Amino acid sequence: MVLKRQEVDNVIKAMYDSSNILASIYDRKSNDLTLIFGNGGQYKYPSVTMTDYTRFELAESQGKVFNTHIKPY
């Protein structure tokens, strides 16, 4: 679930109530998605479609959507 969301200059930053994923940064121009994990890791997933990002952001469980739709990128 999204706790906080901000969009400035086609960059969406969101924070989540998730046990594993703390935050995301999605660049609408490049379609790059950067995820920040609870263990301190930060990973960039290139060319993530807006559809998959929206599915991830709006999910009840970001972890489940991450595993099924984002991880393959």
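Per-residue 3J(HN,Hα) values for the stretch 48-60, derived from phi via the Karplus relation 6.51 cos²θ - 1.76 cosθ + 1.60 with θ = phi - 60°, read 7, 5, 4, 4, 5, 5, 4, 4, 5, 5, 8, 5, 6 Hz in sequence order (x marks Gly and Pro).
Under a point-charge model restricted to the Cβ atoms of Lys and Arg (+1) and Asp and Glu (-1), what is the dipole moment magnitude of the chain relative to its Cα centre, in debye to the nearest 20? Each step should come with its number before you reach the end.
Values: 9 positive and 8 negative charges, 16 e Å.
Result for the chain is approximately 80 debye, rounded to the nearest 20.
Over the heavy atoms of residue 25, what accessible area does a 1.4 Å probe trace out, to the nearest 10 Å²? In the full protein context, residue 25 sits at about 60 Å².
Express the relative contact order of the stretch 6-73 as a whole percentage, based on alpha carbon pairs under 8 Å and six or more residues apart in sequence.
Details: 107 pairs, mean separation 15.4, N = 68.
Over the stretch 6-73, the number comes to 23 percent.
What's the carbon and sulfur percent of the stretch 14-73's accessible surface, probe 1.4 angstrom, rounded to a whole number?
Details: 1720 of 3460 Å².
The value for the stretch 14-73 is 50 percent carbon and sulfur by accessible area.
With all protein chains in place and ligands, DNA and RNA left out, the 1.4 Å accessible area ranks 58, 22, 35 as 58, 22, 35, largest first. In the chain, inverting the average of 1/r over every pair of distinct C-alpha atoms gives 11.9 Å as the Kirkwood radius.
Ordering 26, 73 from largest to smallest accessible area (1.4 angstrom probe), what's the sequence? Let's see the in-between values first.
Values: 26 0, 73 85 Å².
Output order, biggest surface exposure first: 73, 26.
Per-residue ellipticity at 222 nm computed for the chain from its helices equals -4500 deg cm²/dmol, with DSSP H segments shorter than 4 residues left out and the rest contributing -39,500 (n - 2.57). Taking all protein chains as shown and a probe of 1.4 angstrom, residue 71 keeps an accessible surface of around 120 Å². Taken one residue at a time, the phi angles of the stretch 8-25 give Karplus couplings (6.51, -1.76, 1.60, θ = phi - 60°) of 9, 6, 6, 10, 9, 10, 9, 10, 10, 8, 9, 6, 10, 10, 7, 7, 9, 10 Hz. Gly and Pro are set to x. Remark: the stretch 30-36, residue by residue, has Karplus-estimated 3J(HN,Hα) of 9, 6, 7, 10, 10, 10, 10 Hz, where x stands for each Gly or Pro and the curve is 6.51 cos²θ - 1.76 cosθ + 1.60 at θ = phi - 60°.
The values are calculated or read from the model by the stated rules, or taken from the named source; none is laboratory data. Because the structure is a prediction, the values reported are computed rather than measured. Note that we place each Cβ from the backbone using ideal geometry, even for glycine, and neighbour counts take in every protein chain shown. In case anyone asks, the SASA skips ligands and DNA or RNA and just uses the protein heavy atoms, side chains included. Shrake-Rupley method; radii C 1.70, N 1.55, O 1.52, S 1.80 Å.
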